[in-house]
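Each remark here refers to the structure printed beneath this line.
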Amino acid sequence: MTAPERTALLFVECQRGVVGDLSVLPALAESSRPALAAMGRLAAGARAAGVQVAHLTYLPAAGGRTANRRAPLMRATASTAEWSDSHPAAQVVPEIGVAPGDLVFPRRQGISPVHRTEVLAVLRNMGVEEVVVAGVSTNLAVVLVAVGAADEDFAVTIPADAVVGTPPEHHASVLAHSLALVARLVTVDVLLAEWPVG
């Protein structure tokens, strides 16, 4: 366990247009609904303990031209081209919210929230040694963040009840057979017990 001041909690794509009421991926939003309360508790506990909370959001630019259309996922979510900083779908879901001390890293292109982005460099510059990855999804983005952070020598922790993927059996398999190889798997309650309130 790393000290809270050297830990960052990363919420991956927990936006209204992904897991909320304006989702372009309805099956994922449906699967996420039961986990949103746990994510909210995790966010509140992290802030109270002095853990840096960061939001890795998706926000294409130039009318969506920053996102290629080769990958089926990018074609399926082409309607995100209309998102802007003020678009309701781009906002973090209210269960988690964005507090004044939080960081927000909007990703303009690509599928990975950390590849060719400034996220890990900023965290390293801040003295962060461990990242806790929450959000969606264990199909792709959560895995890419965990592997990218592990490759950059960050300790990685994943609260299994604050990450989501579809279908449920695939989600469980990825946790057990992929993410467990690069991260410490815990629960939200375990993390909250580890983070003393400052």
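The values are calculated or read from the model by the stated rules, or taken from the named source; none is laboratory data. In this text, all values refer to a predicted model and were calculated from it rather than measured experimentally. Positions of Cβ are backbone-derived with ideal geometry, glycine not excepted, and every protein chain shown enters the neighbour counts. SASA here: full protein model, heavy atoms, side chains in, ligands and nucleic acids out. Shrake-Rupley method; radii C 1.70, N 1.55, O 1.52, S 1.80 Å.
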If you go through V12, V18, the only one that is at pLDDT below 95 and in contact with a Leu (Cβ under 8 Å, 6 or more places away or on another chain) is V18
Among residues of the range 176-198 being open to solvent by less than 20 Å² (accessible area, probe 1.4 Å) and part of a helix (DSSP H, G or I), the residue nearest to T138 (Cα to Cα) is L179
Inset, instruction - Restrict the check to the range 2-19 and report whether at least one residue is open to solvent by less than 20 Å² (accessible area, probe 1.4 Å), part of a helix (DSSP H, G or I) and farther than 11 Å from A134 by Cα. - result: yes
Taking the range 42-63 and the residues there that are surrounded by fewer than 18 Cβ atoms within 10 Å (Cβ to Cβ) and modelled with pLDDT of 95 or more, the one that is nearest to the chain's Cα centre (by Cα) would be A44
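Tally up the residues in the range 128-147 that are part of a loop (DSSP other than H, G, I, E, B) and open to solvent by 20 Å² or more (accessible area, probe 1.4 Å), please.
Summing the residues that are part of a loop (DSSP other than H, G, I, E, B) and open to solvent by 20 Å² or more (accessible area, probe 1.4 Å) in the range 128-147 gives 3.
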With the first residue restricted to the range 118-146 and required to be under 12 Å from A183 (Cα atoms), and the second required to be surrounded by fewer than 22 Cβ atoms within 10 Å (Cβ to Cβ) and of a type in the set (D, E, K, R), Cβ contacts under 6 Å at 6 or more apart or on different chains are none
Residue hits (the range 91-116; in contact with a helix residue (DSSP H, G or I) (Cβ under 6 Å, 6 or more places away or on another chain) and either in a strand (DSSP E or B) or of a type in the set (S, T, Y) (or both)) are F105, S112
Selection over the range 20-34 where residues are surrounded by 14 or more Cβ atoms within 10 Å (Cβ to Cβ) and assigned to a loop (DSSP other than H, G, I, E, B) yields a count of 5
